[in-house]
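Below is one structure, written out as structure tokens; the observations come after it.
Any read-out appearing in this document is the output of simple, stated calculations on the displayed coordinates, not a laboratory observation. Worth saying up front: this structure is predicted, and the values here are computed from it rather than measured. Methodologically, a virtual Cβ is constructed for each residue, glycine included, from the backbone with ideal geometry; neighbour enumeration extends over all protein chains shown.
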Amino acid sequence: MGPLFKLYYIPYFWYVILAIITGIFFGSVLTLSGFTSTKKLTGVFYFDDMAVLKVMFTAIVVASIGLYFLSDIGTIVFSKVYIPRTYWISQLFGGLLFGVGFMLSGYCPGTSVISFASGSLDALFVMLGMVAGMWVFGLGYKIWKSLYLAGNIGRVTLDKLFGVNHWIVIGIVFVMAVFVFIIIETLEHRE
Amino acid sequence: MFDEEKNINAYIGGILLGLVLLVTFFIFGRGLGASGAFDRVAAFILSIFSPNWIKHHPYWHKYYAFGGTPLNNFLVYLSIGLIIGGAVTSKLLGKWKIQTQHGPRISDRERYFWAFIGGMILAIATRFARGCTSGQALTGGSELALGSWIFMIAFFISGPIVALFIRKLWR
């Protein structure tokens, strides 16, 4: 039963080793999918390469079905799985700003790391900029603290918010994904 | 299964990525992430110069809750794996190449400038969002966390609008 590290005593050494191995798989799959290319990453917002949207949406659907299925049959103890809290005002602002940073830098944080590791020098500047940006945020924390904490409504998931079974929400996400994929494939094959 | 640019089919890539995330949930009880490692490195560098100040800093003190160093964390180890996985896999696929990626209408130096500025904005955005495309969109999204879906929707609204104004950088 899982999560393994939450339910059983396992030496910390294995936590470190398994985290690194997980990162290797994570980085390899992103690289296999072509996420080291700024043309591919920015393509999702120029609507000339939708691969990133296909990969992300598919991954979300697969992980969501897997997580809730394994929780329903008791293989994963859902209450032990960390779910990020919602600060909806702060996260709305963060999402809007993320679009600016993503389009200027050409990467998101994880893809800047694998792109630098595959030889892209521009990704190194993004990584250095990110460390500098963290300093700006931390050093000016008092100035934007109220925005940072705005909209705190705790650990809210969509099924709880709408008061429905989680499979209804997952079903809607699944149908939305298939619908988006059909539109993308239809437009791509028309060219 | 692979296209002419040596990329795996997007749906197969998505299934593999979803399975990596699912196994991560099962083993660790948490999902993937990347931006947190950058914040921890930033805090660590400052701690070299001012170890006591950082432990009581209103924002960064949380990384010292259990003592030790902010670098001793899941996200930092995950990022070390990201570097190894990115380097090895791109080498194996024949994609490893020293290069500077940008559109045909700007120079390398212009690219470096905007890469740095973009990185700064990206970092600040991840603090307000409590994560990035890995920790929020992918992980929180599949957990059905409300804030993660708000983040994704906001990102998909601002992205295409910003793209219009900076087309010169990329196309």
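Just to confirm the number: angle between the C-alpha axis of helix B:10-28 and the first principal axis of chain B, 0 to 90 degrees, nearest 10?
10 degrees
So how strong a dipole does chain A carry about its Cα centre when Lys and Arg Cβ are +1 and Asp and Glu Cβ are -1, to the nearest 20 debye?
700 debye
Going through the DSSP H helices of chain A, which span 27 Å or more along their own axis at the Cα atoms while scoring at least 0.5 as a mean Kyte-Doolittle hydropathy? Could the numbers behind the result be given before it?
Numbers: long enough: A:12-32 (30 Å, 1.98); A:51-72 (31 Å, 1.76); A:121-139 (28 Å, 1.95); A:166-190 (36 Å, 1.76).
Result, helices passing both filters: A:12-32, A:51-72, A:121-139, A:166-190.
How large is the convex hull of the C-alpha atoms of the range A:32-85 per residue, in Å³?
Working: hull volume 6.2 nm³, N = 54.
Taking only Cα atoms, the range A:32-85 has a hull volume of 115 Å³ per residue.
For peptide A:153-160, how many partner chain Cβ atoms fall within 10 Å of a residue's Cβ, on average?
Numbers: counts 2, 2, 4, 4, 8, 7, 2, 2.
For peptide A:153-160, the averaged partner shielding equals 4.
Is the C-alpha gyration tensor of the range B:1-54 telling us rounded, prolate or oblate? Criteria: a/c under 1.5 is rounded; beyond that, a/b larger than b/c is prolate, otherwise oblate.
Numbers: a/c = 6.69, a/b = 2.15, b/c = 3.11.
Note, shape of the range B:1-54 comes out oblate.
Give me Rg/Rg_expected for the range B:57-171, where Rg uses Cα atoms only and Rg_expected = 2.2 N^0.38 Å with N residues. Don't skip to the answer; put the middle values down first.
On the way: Rg = 17.6 Å, N = 115, 2.2 N^0.38 = 13.4 Å.
So the range B:57-171 has a normalised radius of gyration of 1.32.
Using R₀ = 25 Å, calculate the FRET efficiency as 1/(1 + (r/R₀)^6) where r is the Cβ-Cβ separation of A:Asp72 and B:Asn9; round to 0.05.
Efficiency, from the Cβ-Cβ distance: 0.25.
Regarding the range B:105-171, what whole-number volume in Å³ per residue does the convex hull of its Cα atoms give? Please list the in-between numbers first.
Working: hull volume 5.8 nm³, N = 67.
Taking the convex hull of the Cα positions in the range B:105-171, it is 87 Å³ per residue.
Give me the base-10 log of I(q)/I(0) for chain A at each q in 0.08, 0.10, 0.11 Å⁻¹, Debye formula, one uniform scatterer per Cα, rounded to two decimals.
The Cα Debye sum returns log10 ratios of -0.36, -0.59, -0.72.
Report, to two decimal places, the Cα Rg of the range A:146-191 normalised by 2.2 N^0.38 Å (N = number of residues). Write out the running numbers ahead of the final one.
Values: Rg = 16.9 Å, N = 46, 2.2 N^0.38 = 9.4 Å.
Against the empirical 2.2 N^0.38 Å value, I get 1.80 for the range A:146-191.
May I ask for the angle, rounded to the nearest 10°, between helix B:108-129 and the longest principal axis of chain B, with both axes built from Cα atoms and the value confined to 0 to 90°?
50 degrees
Near A:Lys160, which aspartates and glutamates are there with a Cα under 17 Å away, not counting those fewer than 8 places off in the same chain?
Hits, sequence-local ones excluded: A:Asp72, B:Glu143.
Can you figure out the FRET efficiency of B:Trp53 with A:Val136, using R₀ = 22 Å and their beta-carbon distance, to the nearest 0.05? Kindly include the intermediate steps, with their values, before the conclusion.
On the way: r = 17 Å, r/R0 = 0.77.
The computed FRET efficiency comes out at 0.85.
Using a Förster distance of 41 angstrom, determine the FRET efficiency expected from the C-beta separation of A:Tyr8 and A:Phe179, and round it to 0.05. All intermediate terms of the calculation are to be shown ahead of the outcome.
Details: r = 41 Å, r/R0 = 1.01.
Using R0 = 41 Å, I get an efficiency of 0.50.
Helix B:74-93 versus the longest principal axis of chain B: what angle, 0 to 90°, nearest 10, using Cα atoms?
Once rounded, the angle reads 20 degrees.
When Cβ neighbours within 10 Å are restricted to other protein chains, what is their mean count per residue of peptide A:76-85?
Values: counts 4, 1, 3, 1, 3, 8, 8, 10, 16, 5.
Rounded to a whole number, the mean comes out at 6.
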